[in-house]
Amino acid sequence: MFSFSDNDMFGRRCVWVNGPVIVGAGPSGLAVGACLKEQGVPCVILERSDCIASLWQKRTYDRLKLHLPKQFCQLPKFPFPEHYPEYPSKRQFIEYLESYATQFDLSPQFNECVQSAKYDEFCRLWRVKTVSADGVEVEYICQWLVVATGENAERVVPEIDGLKEFGGEVIHACDYKSGEKFRGKKVVVVGCGNSGMEVSLDLCNHDAQPSMVCRSAVHVLPREIFGKSTFELAMLLMTWLPLWLVDKILLILTWFILGDIEKYGLKRPSIGPLQLKNSQGKTPVLDIGALEKIRAGKVKVVPGIKKFSCGTVELVTGENLEVDSVVLATGYCSNVPYWLQESEFFSKNGYPKAQFPNNWKGKSGLYAVGFTKRGLAGASADAIRIAKDIGKVHKEDLKQKKQKVPTHRRCISTF
């Protein structure tokens, strides 16, 4: 990477990158960077925050642990320490990622927010424009662009009638740290996914009174079956059996372990958990104790919300609840449409149009990592594919003894 001009006519510094630009320094971006290093390919990692894995460091609750065993969450070429528990804590996972960055000598450009990225057809290069926290603008020019901002880049805040007039505290789950400050309060948790369930459990453990809104059907599975991770068991069964049959087996075993959960207001989808995950990307809830609180009546499951008013929430059933605070466990979305000026590979919702396993590579040197809806294992698989693909071209370039600064320079050095 080097700067070939101090400033362009607009005051923006231009930087040529002799390798790919990776947008995002979360687990996905780090994985690609590490795999590229193994291929001998230099890269630049751009990160809008001031640290790696900002989602994990700044937008997760304190009690969070990996929901899957560590062997399914490790990044390429770097296993978790043996002394880590099967389900590492938030702090342990962050330490693992920091060790990963150190191991592969990854040094992201922090506090650089990508404003736009566009492929220049004339020069056949990508132009990635960023602005730093202090307003400094930089344009990175490269042959390859790797989108690693992931599926959880921005919070989703639904429009609910009357929420602005509610009067009490309203936060998104990404701002929730602990139930300590909600002790003794009546809290509505909007959402019944893994975050909604775990926030409700944490609120219970801090003597709050949570009501969890479960508007749609949800699969709730035990985290372990017969002492083995449910996910691990499912992967094992899928090596021998079709997906629909594995779904049937999981649901039967779940019924024996958890019983009938529909009587508590948790309706199951008509599609099996694995099929639903594959077709719609909806992750089943892995129960780590919330269901016990629901059975005991300490977490109240309620249907959809009709509207909020001052200090109360009216449900679709007409029931009114007095509420002190609201936690929106309403998920996240991609932010790709806000900065990537491309419409052939990515759809308007910020996800690749192609389905897994063909959604990691676009045209003109564009790649996507962490959009498979298959967690860290999917991101790792993407990273390996991307690095091998770029590495192959990079090695061919070296064999042909091309100059470090490509002939494209004439069309970009005038800016």
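Scan segment 118-172 residue by residue and report those that are closer than 30 Å to Cys310 by Cβ and part of a loop (DSSP other than H, G, I, E, B).
Within segment 118-172, Val156, Val157, Pro158, Glu159, Ile160, Asp161, Gly162, Phe166, Gly167, Gly168 qualify.
I'd like the residue in segment 231-254 that is modelled with pLDDT of 95 or more and under 25 Å from Ser200 (Cβ atoms) and, out of all such residues, is farthest from the chain's Cα centre (by Cα).
Here the answer is Leu253.
Output the residues belonging to segment 383-400 that are farther than 15 Å from Trp144 by Cα and in contact with a Pro (Cβ under 9 Å, 6 or more places away or on another chain).
Across segment 383-400, the qualifying residue is only Ile384.
Can you name the condition, by its number, that Lys392 falls short on among (1) loosely packed, with under 14 Cβ neighbours inside 10 Å; (2) part of a helix (DSSP H, G or I); (3) modelled with pLDDT under 90?
(3)
From Glu165, Glu159, Glu198, which residue is among the acidic types (Asp, Glu), more than 19 Å from Val21 (Cα to Cα) and surrounded by 13 or more Cβ atoms within 10 Å (Cβ to Cβ)?
Matching residue, one of Glu165, Glu159, Glu198: Glu198.
How do the pairs read when you match residues in segment 236-258 that are of a type in the set (Lys, Arg) with residues anywhere that are open to solvent by 60 Å² or more (accessible area, probe 1.4 Å), using Cβ under 9 Å and keeping only pairs 6 or more apart or on different chains?
none
I'd like to check something: does segment 204-216 contain any residue that is part of a helix (DSSP H, G or I), within 21 Å of Arg63 (Cα to Cα) and not hydrophobic (A, V, I, L, M, F, W, C)?
Of segment 204-216, the ones part of a helix (DSSP H, G or I) are 204-205.
Applying the additional criterion that residues be within 21 Å of Arg63 (Cα to Cα) yields 204-205.
Adding the requirement that they be not hydrophobic (A, V, I, L, M, F, W, C) leaves 205.
Yes, because at least one residue in segment 204-216 is part of a helix (DSSP H, G or I), within 21 Å of Arg63 (Cα to Cα) and not hydrophobic (A, V, I, L, M, F, W, C).
For segment 293-329, enumerate the residues that are farther than 13 Å from Pro210 by Cα and open to solvent by 70 Å² or more (accessible area, probe 1.4 Å).
Listed by number, the residues that qualify are Arg295, Lys306, Lys307, Cys310, Val316, Thr317, Glu319, Asn320.
What single numbered condition from (1) open to solvent by less than 40 Å² (accessible area, probe 1.4 Å); (2) within 16 Å of Leu340 (Cα to Cα) fails to hold for Cys174?
Just one mismatch for Cys174, condition (2).
Which residue is most open to solvent (accessible area, probe 1.4 Å), if the candidates are limited to segment 330-374 and must be of a type outside the set (A, V, I, L, M, F, W, C), farther than 14 Å from Val147 by Cβ and modelled with pLDDT under 90?
Gln355
Within segment 265-280, which residues are within 28 Å of Glu86 (Cβ to Cβ) and either part of a strand (DSSP E or B) or touching a strand residue (DSSP E or B) at 6+ places or on another chain (Cβ under 7 Å) (or both)?
Leu266, Pro273
Looking at (1) at negative phi; (2) open to solvent by 50 Å² or more (accessible area, probe 1.4 Å); (3) modelled with pLDDT under 95, which is the only condition Lys401 fails?
Exception for Lys401: condition (1).
With the checklist (1) open to solvent by 60 Å² or more (accessible area, probe 1.4 Å); (2) out of contact with any Pro (no Cβ under 6 Å at 6 or more places or on another chain); (3) not hydroxyl-bearing (Ser, Thr, Tyr) in hand, flag the one item Glu86 doesn't pass.
That leaves (2) as the condition not met.
What number of residues in segment 124-152 are surrounded by fewer than 20 Cβ atoms within 10 Å (Cβ to Cβ) and among the aliphatic types (A, V, I, L, M)?
4
So the check is Cβ under 6 Å with 6+ separation or different chains; which pairs have a first residue in segment 74-92 that's of a type in the set (Asp, Glu) and a second one that's part of a loop (DSSP other than H, G, I, E, B)?
Glu86/Pro69
Checking the structure you have, find out if any residue of segment 196-204 is out of contact with any Pro (no Cβ under 7 Å at 6 or more places or on another chain), over 17 Å from Ile261 (Cβ atoms) and touching a residue at least 12 places away in the same chain (Cβ under 8 Å).
Scanning segment 196-204, I find at least one residue that is out of contact with any Pro (no Cβ under 7 Å at 6 or more places or on another chain), over 17 Å from Ile261 (Cβ atoms) and touching a residue at least 12 places away in the same chain (Cβ under 8 Å), so the answer is yes.
The values are calculated or read from the model by the stated rules, or taken from the named source; none is laboratory data. Only a predicted model underlies this, so the values are computations on that prediction, with no experimental measurement involved. All Cβ positions, even for glycine, are placed from backbone atoms using ideal geometry, and neighbour counts span all protein chains on display. We work out accessible area using only protein heavy atoms, side chains counted, and drop any ligands, DNA or RNA first. Shrake-Rupley method; radii C 1.70, N 1.55, O 1.52, S 1.80 Å.
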